Protein chains: 2
Amino acid sequence: VRVPRGENANKQWRRMKIKRYKSGDEISYALGMAPLIELINNRPEQLRAVFLSPQAIENENTEKVLELAKELGISAEKNDKVFNILSDKGNCFAIGAFEIPKDKIREGDHIVLVNPSDAGNLGTIMRTAAGFGFLDLAVISPAADAFDPKTVRASMGAVFSLNIEYFSSFGDYRERFKNNKLYSFMLDAKRTLSKTEFTPPFSLIFGNEAHGLPAEFSGFSETVVIPHSAKIDSLNLPIAAGIAMYFVKNN
Amino acid sequence: VRVPRGENANKQWRRMKIKRYKSGDEISYALGMAPLIELINNRPEQLRAVFLSPQAIENENTEKVLELAKELGISAEKNDKVFNILSDKGNCFAIGAFEIPKDKIREGDHIVLVNPSDAGNLGTIMRTAAGFGFLDLAVISPAADAFDPKTVRASMGAVFSLNIEYFSSFGDYRERFKNNKLYSFMLDAKRTLSKTEFTPPFSLIFGNEAHGLPAEFSGFSETVVIPHSAKIDSLNLPIAAGIAMYFVKNN
């Protein structure tokens, strides 16, 4: 999909055949008013089109969205068909089309997710990270797609507050950030979260939902465990990441 | 749906027309090997039937399940049709039918969820609660169904480790547990989590995903907030509950 831009963008959007997002596409979609407002506020330069459902209630939010889109010179129209194609849920009344940003994460503290597989989990982690001020997120492939509309929605738009960079291996990430102190969250770790001191710049590293982190991570990083009873095999990934982020920011 | 029991149960199960669970049914289903094993280990008296997919790999787990079911005198059979009816996901190879328990929560510390609406969230909270030793869960209706197969699955079977009781109002809950100290998690609370001391027996109270707790809760309980930046409107409900449970158990 080529992204319509510039003076004739509006016309081109009107002619364009809108398709569901597939990984690798240049544009994706923020489904719902809350994610759309986050998109407009945080990434106005990525916004490419705004669609309102004919059923959208004309309230503060829709007016605000139409106004901001107009200021940005962005096409904003009522269009039922787009909703039928892009949205499964009945309660979606606004959609923003955006060009996927190509971020580089900055020096500093990072959240590093190794092979997260679930879009909902990835979105929830992004929402928590934005809430606790972890604004640079490294994702090691293969992994769920941060800009898939499902992830964007689960993040409630927090995806637009973060710098997100994909790396093809943990080694590639490590190569760029040699000075970060690495803390790997693993079940068989030597130290519990409450006994761990986090020295900046640090990387909080979390593994895949089903498999956790490969054992080799204990060879090159500090390992940390959030203790839980034998009644469960592990904490849910976004819960573990959320507890860790809260702890690090409040201790 | 009448639940087949006793000597002729196996025959009756074979003749029974299996239907998808609806709220109010006497029996529900644990979909997947992990939830099924939790069901058998923690609630053997509730187990009514076991179904294995013909595609189930014959490993330790399937053998263990068949053995335990046999000990309990429970029907255990390979049955493809049941999976087509009950399971949406291709990766479900074992199903346990169980009679829904009618628990009463005990005196002591409680998690209280006021009108949680999402089955996945409720299941995730149950998993975290079991992990941190909060074994008595009060749910105020209207609310998602703790024994819906979706909730059971999201809990990874932790639902079978907990006592869960539904109350038709918060007043009904309060009436039974007059001595519990109430801590309500609200965005406009007076005190942050890290400054709050929790005096047992206590109730950690969380509101609905979209609306939080009604303002009136600040009138009859201590209010607590988990501070987060303005980049998000609120933390995700299971994340907030997970952080609170972790904090209370580790401070």
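The values are calculated or read from the model by the stated rules, or taken from the named source; none is laboratory data. Everything numeric in this text was worked out from a predicted model, so none of it was measured. Ideal geometry is used to build each Cβ from the backbone, glycine not excepted, and the neighbour counts take in all protein chains shown. Just the protein is used for accessible areas: all its heavy atoms, side chains included, with ligands, DNA and RNA removed. Shrake-Rupley method; radii C 1.70, N 1.55, O 1.52, S 1.80 Å.
If the condition is being more than 22 Å from A:K150 (Cα to Cα), among the hydrophobic types (A, V, I, L, M, F, W, C) and open to solvent by less than 10 Å² (accessible area, probe 1.4 Å), then the range A:31-75 contributes only A:A69. Can you say whether B:P101 is under 30 Å from B:Y183 (Cα atoms) and either modelled with pLDDT under 85 or open to solvent by less than 40 Å² (accessible area, probe 1.4 Å) (or both), as far as the supplied structure shows? So B:P101 fits the description; yes.
The set of residues in the range A:76-89 being open to solvent by 100 Å² or more (accessible area, probe 1.4 Å) and acidic (D, E) consists of A:D88 alone.
A quick yes/no check of all residues on (1) under 11 Å from the mean Cα position of the chain (by Cα); (2) away from chain B (no Cβ under 14 Å); (3) aliphatic (A, V, I, L, M); (4) under 17 Å from B:I232 (Cα atoms):
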{"position": "A:R106", "(1), (2), (3), (4)": "no, yes, no, no"}
{"position": "A:N115", "(1), (2), (3), (4)": "no, yes, no, no"}
{"position": "A:T124", "(1), (2), (3), (4)": "yes, no, no, yes"}
{"position": "A:R127", "(1), (2), (3), (4)": "yes, no, no, yes"}
{"position": "A:G131", "(1), (2), (3), (4)": "no, no, no, yes"}
{"position": "A:L137", "(1), (2), (3), (4)": "yes, no, yes, yes"}
{"position": "A:A144", "(1), (2), (3), (4)": "yes, yes, yes, no"}
{"position": "A:T151", "(1), (2), (3), (4)": "yes, no, no, yes"}
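Scoring A:G131 on the criteria (1) more than 19 Å from A:G108 (Cβ to Cβ); (2) in contact with a Leu (Cβ under 9 Å, 6 or more places away or on another chain) leaves a single failure, condition (1). Assess whether B:F160 counts as being within 10 Å of chain A (Cβ to nearest Cβ), crowded, with 23+ Cβ neighbours inside 10 Å, of a type in the set (A, V, I, L, M, F, W, C) and closer than 15 Å to B:L39 by Cβ. Yes, satisfied.
Please enumerate the residues belonging to the range A:136-152 that are in a helix (DSSP H, G or I) and touching a helix residue (DSSP H, G or I) at 6+ places or on another chain (Cβ under 6 Å). Answer for the range A:136-152, where residues must be in a helix (DSSP H, G or I) and touching a helix residue (DSSP H, G or I) at 6+ places or on another chain (Cβ under 6 Å): A:K150, A:T151, A:V152. Determine, yes or no, whether B:F51 is among the aromatic types (F, W, Y) and out of contact with any helix residue (DSSP H, G or I) (no Cβ under 6 Å at 6 or more places or on another chain). It is false that B:F51 is among the aromatic types (F, W, Y) and out of contact with any helix residue (DSSP H, G or I) (no Cβ under 6 Å at 6 or more places or on another chain). So is A:T199 over 24 Å from A:F247 (Cβ atoms) and either modelled with pLDDT of 95 or more or touching a helix residue (DSSP H, G or I) at 6+ places or on another chain (Cβ under 7 Å) (or both) or not? It is false that A:T199 is over 24 Å from A:F247 (Cβ atoms) and either modelled with pLDDT of 95 or more or touching a helix residue (DSSP H, G or I) at 6+ places or on another chain (Cβ under 7 Å) (or both). Quick check, is B:A94 closer than 25 Å to A:A210 by Cα, of a type in the set (G, A, S) and either more than 14 Å from chain A (Cβ to nearest Cβ) or touching a Lys or Arg at 6+ places or on another chain (Cβ under 9 Å) (or both)? Yes; evaluated as a whole, the condition is true for this residue. The residues listed here are B:G108, B:G157, B:G171, B:G133; of these, the one that is touching a helix residue (DSSP H, G or I) at 6+ places or on another chain (Cβ under 6 Å) and at pLDDT 95 or above is B:G157. Filtered by the rule that a residue be in contact with a Phe, Trp or Tyr (Cβ under 9 Å, 6 or more places away or on another chain) and charged (D, E, K, R), the range A:217-246 gives a lone residue, A:E222. Screening B:K102 against (1) in contact with an Asp or Glu (Cβ under 9 Å, 6 or more places away or on another chain); (2) of a type in the set (D, E, K, R); (3) in contact (Cβ under 8 Å) with a residue 60 or more places away in the chain; (4) more than 14 Å from chain A (Cβ to nearest Cβ) leaves a single unmet condition, (3).
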